[in-house]
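All remarks here apply to the structure that follows.
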Amino acid sequence: MSVTETEESLALEEQGPSPDALLPEEDRVPAPSGEAEDIPVPPGAPRALLRSLLGPHKARIVVAMVMITVQQAALQVGPLLVSYAIDRGIPALRDHDAGPLIAVTAGYLGCAALATLLQRSFIRLSGVVNQAILLEMRRRIFRHAQALSLDFHERYTSGRIISRATSDVDTVRELLNEGLQELLSVILSVFYISVVLIVMDWRLGLASLASALPIYLFTRGYRRRSQVIFRRSRTAVAQVIVRFTETMNGIRPVQAFRREAANESAFAVSNGQYADSNAQGLLSMARFVATARATANIWITGIVIWGAFLVTQGSLELGVLAAFVLYLRRLFDPVDQVAMFLNSYQSASAALEKIAGLLAHEPSVPEPAEPAELPAKAEGAIPGRTVDFDGVAFSYRTGKQILPRFDLRIPAGQSVAVVGATGAGKSTLAKLLARFYDPSEGQVTLDGVDLRSLPTPELRRGVVMVTQESFLFSGTVAENIAIGRPDATREEIEAAAKAIGAYEFIAELPEGFDTDVRKRGGRISAGQRQLVAFARALLADPAVLILDEATSSLDIPGEQAVQRAMSTVLAGRTAVIIAHRLSTVEIADRVLVMDQGNVVEDGTPADLISGTGRFASLHQAWRESLV
Amino acid sequence: MSTQPQAPSTPRQPPPQHSAIRSLLRLWPYVRQIRWFLFGSTVAALLASLSALVIPLVLKSIVDGPVAHRDTAGLWQQGVLLLVLGLLEAGLFGMRRLLVARPLASVERRMRADLYARLQRLPVSFHDRWASGQLLSRATSDMYTIRLFLAFPLIFLIVNSMVFLTGIGIMFSLDWQLALITVLPAVPLIVLCSWFERRYSAASRLSQDQNGDLATVLEESVLGIRILKSFGRHRTMAARYRAQAELLRETELKKARLLADLWAVIVGLPELALGVSLAVGVVQVAHGSTTAGTLVGFLSTALSLRWPVESLGWLLAYSNEAATATDRFFEVLDARPADAEDEARAASGTPTTEAATSGTASTEQPARDGIRLTGVRFRYPDAPAGSPDLLSGLDLHIRSGETMALVGLTGSGKTTLTALLPRLYEIDSGRITLDGQDIREIPRARLRELVSMAFEEPTLFSASVSENVLMGAPDAPAEALDRALDVAQAQFVRTLPEGVDTQVGEQGLSLSGGQRQRLALARAVVGAPEFLVLDDPLSALDVHTEALVEQALRQVLSDTTALVVAHRPSTVLLADRVALLADGRITAVGTHHELLESSPDYRELMSGERAEDGSLVR
C-alpha cells in the first residue's frame, strides 16, 4: 500500500469540497438562538387548552364548588351569630331565657363541624381533579412531543421540550394546588360578606362595595405588568434547563476540555435572567399588595367613622355596627390572597401559553386521516416489499433543494447500497423512505401504498431504520432490544442478539440481559450499542430495513457478524444500506452512487467496480486502505 | 420495552433520620448573606400582623367609647388612629415583600449556580450513577420550593407564632376564662402536627424523587427520538411515561389526603372552641361579669388568630417539602469533587504514587519519556463484586513523539483506557506517567491541558464553531483555528451562514455525525497538545474525507505523542506502532505488519479472517 496512491485516486475524485456537498444532510435551517425560536401561540389556544383539560371534570368541579360554597357559608355565619348572640342572646339570658343562646351555640358548633368536614372533602376532591388534569397535561405534552417530526426536534431542542413538561407543568400545578381553592374561597367570602353587609345595612353595605372599583383598577394594572414579567420568566427558565441538560449530557468533554469556567459564566447569564425576572415578579407583587391593602384600610376607616355617626344619630344599632366592623375586616382580608392567586395565575397562564404553543404545533409528518394497510403477503412469498420513489423531490422549508425530482424502484428482496460523499443526499433518501420527512413532491410507496397513508404501527411493520446513533434507554439490555418488538419473548430477544453477534458481550455483563444499561451506560461501548441497535432491528423483522451508517463504530469482526446476519436472517427483505465502509457494499445486490442529490451510477457491485466511474475509484481507495 | 416504571437507578438515600429543622438549618450559609433582609422582612411582617391585632382593639374602643358615649371629638381621634394604623399595616405588608424580592431571587440563583458548578466538577463516575432527570429536578423544582419556603413559610412560621402568642396574651388580658377555652385545642393540634410531619415529609421526598424519574424518562424520550421514530415506539414510551406519571399522581394524592386531614383538624378544632367561648362569653355578659365591648374585642381577636392557626397546616406542609428539597440539594453538594478527593488523599498520607515496579526507576527516566502505563488496574466503581477487573495490570509505553494505535475487540476497554489519561476516571492501582511525571501529581486542569482528546461520540456545545474548536486551547492564535479546521477537513464551516461564528450544538445548527466528528477532531488538535488521545476519530467519515484527514493528521501526529483507538486498518496506518488490548492487558505491540505476521488475534481483528484453529478469538 502507499499513501501517495491513495491520495492520487482521491485527488481525481474530489479536489476540494464544494459548498453544496458540504452542507449537512439533516435539516440545515439555522435556529436563531435566544427567544425567537419559541413557536407562535395561536390566539385563544391557552384558554382552549384549559377548557379541554377541565371539561371532563365538570361534574366534580361543580361538586367541589358547591362544597366550598357551603363551607364558606358555614364559616361566614360566625360573625352573624356573634351579633345575634350579643343583641338577642344577652337580653334573653338576663330574662332567664337560655333558648337563643343554646340555639346560637348549637348553630355555631354545627357550622364549625360542617365547615371542617367540607374543607376535608374539598381538598381530597380537588386533589383528585388537579392530579387528573396534570396527568392529562403531561400525557398530552409527551405524546405530542413524540408525534412531532424530527426537523421540529432539531429546531426546538430537547431542553425546551423538557422545560415545557417539567417547569411549566409545575407552575400550573402550583396554581391548581393552592390558587384555585384560594380564589374560590375569596370570591365566595367576598360575595357572602357583601350580601350580609347589604342586608344588615344597605347604606354601609353599598359604600363598602364601592371599594371594589379602585381595587379592580389596581389589579388590572398589576396583571398587565406581571404578564410580561412571567412570560420572560418562562423563557428564562427554559434557557436554564437547556444549558443544564446540555452540560450534564456532555460531562466528559466538558471536563476533558476544562470547559467548567466558561460554562459557569454562560450558565450565570441564563440563571441571572431567570433570577431577575423572578425578582421583578416579586417586586411588582409587593407594590400591588401595599397599594391594595392601603386602599382597603382607608375604606374601613371611612366606613367605621360613618357607621359610628349613624349609631350616634340612632339610625344604626350598636350590635349591627359591631358585626359590620368584624365583617369589614374579613371583606378586605383576601387582598393578600388575591395577590398571591394573581401571581400563580399569571405565572401559570404564561406556562400554559408555552404549553399550548407546543401542542398547537402540527406535526409536519402527520398520521393519515384515512389509514390504509399494506397488501397481505401471499403464502411463501419473500418477506420484502417493493419500494417506489415516484417523481419524488425534496427541499427544505427554506426552499433549498436537496433532492431534485427522481424516480427509483427497489424490487422486493433487493438490497441496495447507497454511497457518495457527505452531503450527496443519501441520508435524505433514507429519511424519506423511513418517513422521517415527507417528500415535497411525488410519493414514496411500499407495494404501491403511499407511506403517508400508513398508520405508524403498520408503517413500522413495513420500514425500520437503524441509525448511527446509539442511544440506550434506561432499563435492561433486554428491554432495549425489545424496543424492536415489545411483545417479544426472552428467547426471541436472545436469538436476535445471537444472530447479530451481540450475545457474547451481553452474556458477559454482570447480570447478562438483565443488566441495567444506565448503571453502566458509559461502559457499553459505541460498537456494542450499535450491535444492540441491530438486534432491535432484527427483532422488529420489517419488510424493508434501512441502515444509515449503522456500522460506523463496529470493528471488522463485528461488521462481518452483522453482514452474516443480514445475509441469513434478513434474507428476502428489501434493504437500503448507506455506508462509508465499502465492505458493506459488497454484499449488496445493487449499488447507487449519489452526488449532489442525483443518482449518478446504478449497477451491481461487480459492474461498478470493474467500470471507470466514481464507484470504481471509491472502491479502489477503500481496498488500498485495508492493507 | 416494559411499560412498568423502572426501578430508579439513581442512588436513593435512606429517608433522613433527622428532623426537617435540621435539614433546613443547612441552608444557613445561603441564608446568612440575606439575613438582614430576611430579618427586616420578618420584623415588617410581625409589625403588620400586630397592627392587624391592634386594629380590632381600636375598633372595640370606638364602639365602647365614642359611639357608646356619643362623643364625636373622640371618634375623630380614634378614626385618625385607625387610619394611621391601617396605612402602617399596608406599608409594612408591602415592605415585607419588597425587602426580600431581590435577595431571595439571588439565593435561588446562587444555589443553582453552586449546584451546577459542583456537578461540573464531580467525577464522571458520579454522573454515571445519577440519572440526569434527577439532577435537573434538583436544579429547577427543588430550588423553587426552597425559595418559596424562604419567602413565606419561614417568615410566617416566626411571625404567626408570635402573633398567636400575642393574640393569646390579649385574649387572656381581656378574659382569661374565655381565653383558656380557646387555647385548649392547641394540645391535640401539636400532637397531630408532629404525626403529620413524619408522614408528609416521607411522601414529599417520594414525590420529588418520582418527579426526577419522570424528568429522566422525558429526557431520554427526547434524546432518543430518532430510535423511537425508527421503530414507531412512541406509544410504548408514552405508556412508560404515563405509568411513571401515575406513580407520581398516587403520591400527590396521598399528600392531598394527609393535608386534607390536617386542615380539617386545624380549621375545625379552633372553630369549635370559639363556639364554646361565644356561649360562655354571652353568659358572662348577661351576668355582668364582662362588657359587650370586651366580648366583641375578644371574639374579634380570636377570629383574627384564625389565619395564623389555619396557616399552620400550609406552613408545615411547605416546610417539609423544603426540607426534603434541601436534603436532595445537599446530596449533590456533599458529593466530593474530584479535586477534593485528591486533597483528602494527600492529607491522609496515602502515597499518591504506588510503588512503581517497572524496571525503570522514575528518577532515572528521561524528561521526554512519552506516555507510560505501568501495571494499571481499573474497574468501574459500581462494577459488581467478584467481576474481573476491566484492566488488569496493563503495561504500555508510548515513546515521546510516537503515535500508538490501540486495537481490541468491541468492549475490551479501549475507550475506558483513553478516559484514564485525563483522569476522567481514576486508576485503582499502578501508575500512568507523562514524560516521567505521575498524572496524579499533575493538577487536573494542567493535565487536561496537556492531554487533548477527541471522543468517540463527538459532542458540540451551544456556542459558535470557533468557540467549540478553541475550547481545546482558549489562548490559541487565530491561525491555529484555521490550521485545525484544515487538519480536520472541516472547511465546510466557512460555507455555513455565519462562517466560524455560526452557532452550533443543541441551540444552533444541527450538523451531521461526520461534521461533528471533524469539529471534535479540530478541537483536539487546535492547541498543538503534547499528548493527543483520539478515540476512533474517523468512524463517521466517508472514504475521501477520511483519507484527506489522515493525510493532514499525519503532520500533526509527527511531533505529538498520541494514542489512537482504531477499528480499521486505515486508522491503524496513522500510527507508528499498534498495541492489542485483550483481557485487560496489552498482549502484543508492534508495527501493523509485524502484528499481521505474528498475531492471529490481530489478523482476525483487522481482516475478519478467523484464526487458523478456527476458534473465535476473544
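The values are calculated or read from the model by the stated rules, or taken from the named source; none is laboratory data. Keep in mind the model is a prediction, meaning the values are calculated, not measured. Glycine gets a Cβ as well: all are built from the backbone with ideal geometry, and neighbour counts include every protein chain shown.
Which residue is surrounded by the fewest Cβ atoms within 10 Å (Cβ to Cβ), if the candidates are limited to region B:236-254 and must be more than 8 Å from chain A (Cβ to nearest Cβ) and in contact with a helix residue (DSSP H, G or I) (Cβ under 8 Å, 6 or more places away or on another chain)? Residue satisfying both the conditions and the ranking: B:247.
Just so you know, in region A:472-490 the residues that are aliphatic (A, V, I, L, M) and in a loop (DSSP other than H, G, I, E, B) include one that is farthest from the other protein chains (Cβ to nearest Cβ), and it is A:488.
Checked against the criterion of being crowded, with 24+ Cβ neighbours inside 10 Å and of a type in the set (Val, Ile, Thr), region B:190-209 contains not a single residue that satisfies it.
Results for (1) facing chain B (nearest Cβ under 9 Å); (2) at negative phi; (3) not basic (Lys, Arg), shown as yes or no for each residue.
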{"position": "A:302", "(1), (2), (3)": "yes, yes, yes"}
{"position": "A:330", "(1), (2), (3)": "yes, yes, no"}
{"position": "A:356", "(1), (2), (3)": "no, yes, yes"}
{"position": "A:364", "(1), (2), (3)": "no, yes, yes"}
{"position": "A:371", "(1), (2), (3)": "no, yes, yes"}
{"position": "A:387", "(1), (2), (3)": "no, yes, yes"}
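Quick check on region A:222-230. Is at least one of its residues at the interface with chain B (Cβ under 9 Å from one of its Cβ atoms), at pLDDT 85 or above and under 20 Å from the mean Cα position of the chain (by Cα)? Scanning region A:222-230 turns up no residue that is at the interface with chain B (Cβ under 9 Å from one of its Cβ atoms), at pLDDT 85 or above and under 20 Å from the mean Cα position of the chain (by Cα).
Listed here are the residues, each with its yes/no results for (1) at negative phi; (2) among the aliphatic types (A, V, I, L, M); (3) assigned to a helix (DSSP H, G or I); (4) at pLDDT below 80.
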position	(1), (2), (3), (4)
B:70	no, no, no, yes
B:104	yes, yes, yes, no
B:120	yes, no, yes, no
B:126	yes, no, yes, no
B:142	yes, no, yes, no
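Restricting A:39, A:102, A:86 to those that are surrounded by 17 or more Cβ atoms within 10 Å (Cβ to Cβ) and either of a type in the set (A, V, I, L, M, F, W, C) or at pLDDT 80 or above (or both) reduces the list to A:86. Taken together, A:405, A:435, A:461 contain a single residue that is touching a residue at least 24 places away in the same chain (Cβ under 8 Å), at the interface with another protein chain (Cβ under 10 Å from one of its Cβ atoms) and surrounded by fewer than 22 Cβ atoms within 10 Å (Cβ to Cβ), which is A:461.
Taken over region A:494-516, the criterion of being in contact with a Lys or Arg (Cβ under 9 Å, 6 or more places away or on another chain), surrounded by 21 or more Cβ atoms within 10 Å (Cβ to Cβ) and closer than 22 Å to residue B:237 by Cβ is satisfied by A:496 alone. Note on region B:414-460: residues that are over 25 Å from residue A:246 (Cβ atoms), of a type in the set (Ser, Thr, Tyr) and crowded, with 21+ Cβ neighbours inside 10 Å total 1.
Residues in region A:566-598 that are farther than 17 Å from residue A:534 by Cβ, β-branched (Val, Ile, Thr) and touching an Asp or Glu at 6+ places or on another chain (Cβ under 8 Å): A:591, A:593.
For region B:475-515, filtered to residues that are facing chain A (nearest Cβ under 7 Å) and assigned to a helix (DSSP H, G or I), the residue that is nearest to the chain's Cα centre (by Cα) is B:513. Answer yes if at least one residue in region B:209-226 is under 24 Å from residue A:246 (Cβ atoms) and more than 11 Å from every other protein chain (Cβ to nearest Cβ), and no otherwise. Yes, region B:209-226 contains a residue that is under 24 Å from residue A:246 (Cβ atoms) and more than 11 Å from every other protein chain (Cβ to nearest Cβ).
The set of residues in region A:420-471 being assigned to a helix (DSSP H, G or I) and hydrophobic (A, V, I, L, M, F, W, C) consists of A:429, A:430, A:432, A:433, A:451, A:459.
Counting residues in region A:152-172 that are in a helix (DSSP H, G or I), more than 7 Å from chain B (Cβ to nearest Cβ) and without any contact (Cβ under 8 Å) to a residue 60 or more places away in the chain gives zero. Within region B:22-34, does at least one residue satisfy the condition of being without any contact (Cβ under 8 Å) to a residue 12 or more places away in the chain, in the same structural domain as residue B:315 (by TED's automatic domain parsing) and under 26 Å from residue B:301 (Cα atoms)? So far as region B:22-34 goes, no, none of its residues is without any contact (Cβ under 8 Å) to a residue 12 or more places away in the chain, in the same structural domain as residue B:315 (by TED's automatic domain parsing) and under 26 Å from residue B:301 (Cα atoms).
Among the conditions (1) closer than 30 Å to residue A:352 by Cα; (2) without any contact (Cβ under 8 Å) to a residue 60 or more places away in the chain, the only one that residue A:63 does not satisfy is (2). State whether the residues of region A:349-360 include one that is among the acidic types (Asp, Glu), in contact (Cβ under 8 Å) with a residue 24 or more places away in the chain and part of a loop (DSSP other than H, G, I, E, B). No. Pairing residues of region B:594-618 that are surrounded by 12 or more Cβ atoms within 10 Å (Cβ to Cβ) with residues that are at pLDDT 75 or above and aromatic (Phe, Trp, Tyr), at Cβ distances under 8 Å and at least 6 apart in sequence or on separate chains, gives B:595/B:602; B:596/B:602. For the criterion of being surrounded by 21 or more Cβ atoms within 10 Å (Cβ to Cβ), aromatic (Phe, Trp, Tyr) and farther than 30 Å from residue A:523 by Cβ, residue A:309 fails. Residues in region A:235-276 that are at pLDDT 85 or above and among the basic types (Lys, Arg): A:243 only. Would you check which residues across region A:584-627 are surrounded by 17 or more Cβ atoms within 10 Å (Cβ to Cβ) and hydroxyl-bearing (Ser, Thr, Tyr) and list them? Hits for region A:584-627 are A:584, A:617, A:625. For first residues located in region A:121-144 and assigned by TED's automatic domain parsing to the domain that holds residue A:63 and over 25 Å from residue A:66 (Cα atoms), partners that are polar (S, T, N, Q) and part of a helix (DSSP H, G or I) and lie 6+ apart or on another chain with Cβ distances below 8 Å form the pairs A:142/B:221. Going by the structure shown, is residue A:308 over 30 Å from residue B:69 (Cα atoms), of a type in the set (A, V, I, L, M) and outside the structural domain of residue A:410 (by TED's automatic domain parsing)? No; evaluated as a whole, the condition is false for this residue.
Within region B:553-574, residues that are within 14 Å of chain A (Cβ to nearest Cβ) sit with their Cβ atoms under 7 Å from residues that are among the charged types (D, E, K, R) and surrounded by fewer than 19 Cβ atoms within 10 Å (Cβ to Cβ), at 6+ positions apart or across chains, in these pairs: B:574/B:554.
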